[in-house]
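Since the structure comes first, as structure tokens, the remarks are kept for the end.
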Amino acid sequence: MSFCYTCWMDLLTHLETFCEVADRGSFTRAAEALGTPQPVVSRRVGALERRLGGRLLVRDPRGVRLTELGRAVLPHAHQMRTRAEHLLEVARTFHDGLAVAVPPGADPRALVAARAAARGLGVAVTFTEASPDARGEALRDGSAHVAVVACPADEAELGGRLGVATAEPRGRRFHLDDLRVSRGDRDRRPPTLHVDLEDDVPWVRDPVRRHAARAGLAPAQVAVGTPRLLAVADVIEHADVLVCTHAEAEHHGLAWQPLAALDPWRGYRLASAPRAAHRPDADLLDAVRPPLARALGLTAGPARPLDVAPAEAG
């Protein structure tokens, strides 16, 4: 059934009221917390009960208690209330602060440090996780003021070495020819080299594919853009390997080795929306860049020494 905007707003208001009554165990205390007359609180809960088709709360001498339906609904009501509050916070920050789109999997503690650094300059920052394509789209449609976008290592403001994650350590450096399937093993599933969606860029993807071909891997053994969790599961279950940073391997409890005869790097720059109403100044970007780099398991500054080129030979 479709809802009009007013119906959705009424539903959110009724859910907020229900949460307050359930959490405080009293219509009176909920009314005081909401700054709303008690009869209005009762009407809102009653309207929600009619909408959901059953009683949510029962009054008793000690206050109110949840019915079976109320206990089932309450966690979802809290979740919707939290999401609505977050939506309003994002909107406020977008107008009054800085909206930044970052890759998935960033360390929340380091993002908190980045927000604190921005607050020190009088700017509120909100971070949104998004895929590479979605980050680019967020810049184009104006839903983000700044986005972390991929770039070659010699242009990068944030960066780090890529190696491979494996279920078990395999030595100091990983040789891709270890993934070759011998004639006696043709009936089993060949191990796969996964290239993360964040690394589906020519300066990482193409050298890895060429190196894999020279190592004797079949084209089907290189999978580009595998969802991160699926790739990690395959590393654990099937002895696959995943191209990633050391921090990402450590986060998933995997071993990490640099690649032999190949030195790929992941690089990012902080791109501003071309027509953003709030364009960040250099001081703000300088303040958030180091904690943002830590959040992504990278370093701030050039991704690699500019006089070092990837070694593909061998």
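The values are calculated or read from the model by the stated rules, or taken from the named source; none is laboratory data. No experiment lies behind these values; they were computed from the predicted model shown. Note that we place each Cβ from the backbone using ideal geometry, even for glycine, and neighbour counts take in every protein chain shown.
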- Task: Can you run down the residue pairs with Cβ atoms below 8 Å, 6 or more apart or on separate chains, where the first is in region 19-38 and under 17 Å from R81 (Cβ atoms) and the partner is among the hydroxyl-bearing types (S, T, Y)?
- Result: A30/T17; L34/T17; T36/T17
- Query: For the subset of region 30-69 comprising residues that are under 38 Å from the mean Cα position of the chain (by Cα) and of a type in the set (D, E), which member is nearest to T13 (Cα to Cα)?
  - Reply: E49
- region 49-84, residues that are over 15 Å from D23 (Cβ atoms) and part of a helix (DSSP H, G or I): E49, R50, R51, L52, E68, L69, A72, R83, A84
- Item | Single residue of A124, A223, A215, A165 found to be more than 27 Å from R294 (Cβ to Cβ), of a type in the set (A, V, I, L, M, F, W, C) and in contact with an Asp or Glu (Cβ under 8 Å, 6 or more places away or on another chain) | A215
- May I ask you to verify whether A249 is outside the structural domain of V208 (by TED's automatic domain parsing) and crowded, with 18+ Cβ neighbours inside 10 Å? no
- One residue from P207, P169 being assigned to a loop (DSSP other than H, G, I, E, B) and within 30 Å of the chain's Cα centre (by Cα): P169
- Query: Would you call R50 of a type in the set (D, E, K, R) and either modelled with pLDDT of 90 or more or closer than 21 Å to H76 by Cβ (or both)?
  - Reply: yes
- Note on the structure: Across region 1-18, the tally of residues that are without any contact (Cβ under 8 Å) to a residue 60 or more places away in the chain and either under 18 Å from Q79 (Cα atoms) or in a helix (DSSP H, G or I) (or both) stands at 11
- Query: Can you name the residue in region 236-245 that is modelled with pLDDT of 95 or more and under 18 Å from D177 (Cβ atoms) and is also farthest from the chain's Cα centre (by Cα) among such residues?
  - Reply: D240
